[in-house]
Amino acid sequence: MFRILKVALVTLSIVLLGACTNMKGASKSSTSLTSFLGFSELPDWYITSRYTYPDSDYRDNDFGLPVHFRDVGEGDTIVLIHGELSSVHTWNRWVEILRQEFRVIAIDLPGSGLTGAPRCIRSPEDLCPENLSRDYLSHTLTYLIEDLKLRNFHLVGASYGGYLAARYAIDNPNKVKTLTLVSPLGMQQEPPFMVRYLDNTGLLSEYFQPSTIVTTMVDDFYANPEKITPDTLQRYIHLLQGPGAHATNVRHASLARELMEYGTQETLSNIENRALIMWGNKDKWGDFEHAERWVEEVPNAMMVEYKGIGHLAMEEHAEDSAYDLIAFINDEPLPTLEGLGRNSFTLQDAVNSVGDKEALFGDGLPEMTDEQ
């Protein structure tokens, strides 16, 4: 009877979610029918073989969990912290760009990516997803930064990772050189549908999570779903189906929902560092109206708005956002704010900005076309 009920609930979930997501993408990216239906989790060897980097490294936190991170490049250090239901892989394009000039450390938080679910305290060889908490995440971040002996670094966080980065900066102002937050969570807002779905169906979702859950979530992350590549979609599905992932996904959703519904208890005015707030104005996951509130509450903050971009500017608008970060770190004008970002300034704009075109170019100046 329970088996029949479970199958019925899975079918209902797929039908409901399939109405607003990429069903074809979910089926093509799943490794099997049971993966598509969400009954099974992928083995660790499969996840690590597909998604480990040549420069992947691990350090145990003080609870016996090997924390995965990348450490590449040379120069001033930038630390990257991903958001809920994401992984270090969200920074792929940024790392390629930033490593040319900086040392870049990108961390897989507990319950995410190749770090995976927390270990049991008394039996470190076993997984205990229920140990995942806000303090566990913050403690692990602090522990790893101390273990790597990082000082005077640039800290970047996205979404829930933005909240964690802000919290770290408040507690450690002398270690952080600059703070950059990409669509950070922390202000009160209505949680997105997928956050409420995973949290409300907690016990059920710990046993099965159809791939359509992930495709719906990724669609929400992007303002332009057509920019989601098959490889990106497959990566999200696979990494959210690793060992213990069903339960940790529910925990991440619960933590995000709590932060969204109640807001942060941190005093943001205590952030002493120079700060940059990046936000896509078509964000369907974090409320864009909160961008100005972050700027108002963080004393030394500025904002860059990405028009037509969603929650993950570092994925959907990678090049422009990465070069804005570099300019900010170097205390230079941001290309996007100066009108030099991709798709934000054209030759026609330059021509139109000239007052007396005839005096400068003569009367034979042609009108610029999109092709020119």
| Label-point gap, in nm, between Glu319 and Lys307 - each point 7 angstrom along Cα→Cβ | 1.9 nm
| request: Write down the accessible area per residue of region 107-191 in Å², having rolled a 1.4 Å probe over the full set of protein chains. | output: 35 Å²
| task | On the full set of protein chains, 1.4 Å probe, figure out the accessible area of Ser123 and give it in Å² to the nearest 10. | result | 40 Å²
| Additional length obtainable on full extension of the chain from Glu272 to Ser123, 0.36 nm per residue less Cα span | 49.6 nm
| message | If you roll a 1.4 angstrom probe over the protein chains with everything in place, what fraction of the accessible area of region 231-347 belongs to carbon and sulfur, to the nearest %? | response | 45 percent
| Around Ala247, with a cut-off of 9 angstrom between Cβ atoms, what is the net charge of the other residues, counting Lys and Arg +1 and Asp and Glu -1? | -1
| Long-range amide H contacts for Leu127: which residues qualify at under 5 Å (H placed 1.01 Å from N, peptide plane, sequence gap of 5 or more or a different chain)? | Cys120
| So, in nm, how far is label Asn330 from label Lys282 when the simple model puts each one 7 Å beyond its Cα toward the Cβ? | 3.0 nm
| Given H placed on each backbone N at 1.01 Å, which residues far from Met302 in sequence or on other chains put an amide H within less than 5 Å of it? | Ala275, Leu276, Ile277
| Positive-end extreme of charge dipole, region 78-223 - chosen from Ile213, Phe193, Leu109 (charges on Cβ) | Leu109
| task | May I ask for the net charge around Thr180, where only other residues with Cβ less than 10 Å from the Cβ of Thr180 are counted and Lys, Arg are +1 while Asp, Glu are -1? | result | 0
| message | If you filter region 278-309 for trypsin sites (Lys or Arg not before Pro), then keep DSSP loop positions with at most 16 other Cβ within 10 Å, what is left? | response | Lys282, Lys284, Lys307
| message | So for region 46-179, averaging the separation of alpha carbon pairs under 8 Å that are six or more residues apart and normalising by length, what relative contact order in percent results? | response | 25 percent
| field | Rel. contact order, % - alpha carbon contacts under 8 angstrom, at least six apart, region 174-264 | value | 55 percent
| query | Ordering Trp45, Trp91 by how much accessible area each has at a 1.4 Å probe, largest first, what is the list? | reply | Trp45, Trp91
| message | I want the local charge near Phe193. Using Cβ-Cβ distances under 10 Å, sum +1 for each Lys or Arg and -1 for each Asp or Glu among the other residues. | response | 0
| note | The alpha-carbon center of region 285-342 and that of region 116-172 are separated, in whole Å, by 24 Å
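The values are calculated or read from the model by the stated rules, or taken from the named source; none is laboratory data. Computed from a predicted structure; not experimentally measured. All Cβ positions, glycine included, derive from the backbone under ideal geometry; neighbour counts span all protein chains shown. These accessible areas exclude ligands, DNA and RNA; they are computed on the full protein's heavy atoms, side chains included. Shrake-Rupley method; radii C 1.70, N 1.55, O 1.52, S 1.80 Å.
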